[in-house]
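Inspection log for the structure reproduced underneath, given as structure tokens.
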């Protein structure tokens, strides 16, 4: 009798583990293939004081948490505890019929010359990588990615950069190995939601 109970417990545990492995594999397959199988290391150090402030998203590899968003803005500010507050705003989301925002916290990865951050929007359990792969010497633009190659953003201080700058930045990201055919330009002139 006791052996049968143990056997059922072992079967339940094995089935539970199998379901967990299957769900993990399914979730990974839903992410799709990366746009860059060999993400480069960041090209230069980052002066965080100069990086802080307002950035406009010029374009991105489309992702589930920004799907359909235009007039996207990111604001970075230093917190008293030394962490960085991250405020991402989708100014135009036709699916939700209104703007939306997400606030997170980031910390610098030690030894990264401030070019790599760990960012969390949902507490300490969901932490993502944020790599500043390249940036202008005057911090007028930056190219941001992460190690999986599934996410990429091109940011600028000006929502409407000078003629040709967007194309040059897209070319720069392509030279880093990204498949830019999957890149979506962000419309910073989209109408405001009512």
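Every number in this text was worked out from the coordinates using simple rules, so none of it is lab data. Please read these numbers as outputs of a predicted model, since none were measured by experiment. Here the Cβ is made from the backbone with ideal geometry for all residues, glycine too, and neighbour counts use every protein chain on show.
The Rg/Rh ratio of region 48-185, with Rg taken over Cα atoms and Rh as the Kirkwood radius over Cα pairs, comes to 0.94.
Using R0 = 35 Å, the C-beta based FRET efficiency linking residue 67 and residue 138 works out to 0.65. With both labels modelled 7 Å from their Cα along Cα-to-Cβ, the residue 107 to residue 148 distance reads 2.2 nm. The translational diffusion coefficient of region 105-161, from Stokes-Einstein at 4 °C and 1.567 mPa s with a Kirkwood hydrodynamic radius over alpha carbon pairs, comes to 105 µm²/s. Using C-alpha pairs under 8 Å with a sequence gap of at least 6, the mean separation divided by the residue count of region 48-185 gives a relative contact order of 23 percent. Using every pair of alpha-carbon atoms in region 40-79, split the distances into 5 Å bins beginning at 0 and state the percent of pairs per bin, rounded to integers. Bin by bin from 0 Å, the calculated values are 6, 16, 20, 18, 22, 16, 2. Inter-label distance, residue 120 to residue 175: 3.8 nm, where each label sits 7 Å from its Cα along the C-beta direction.
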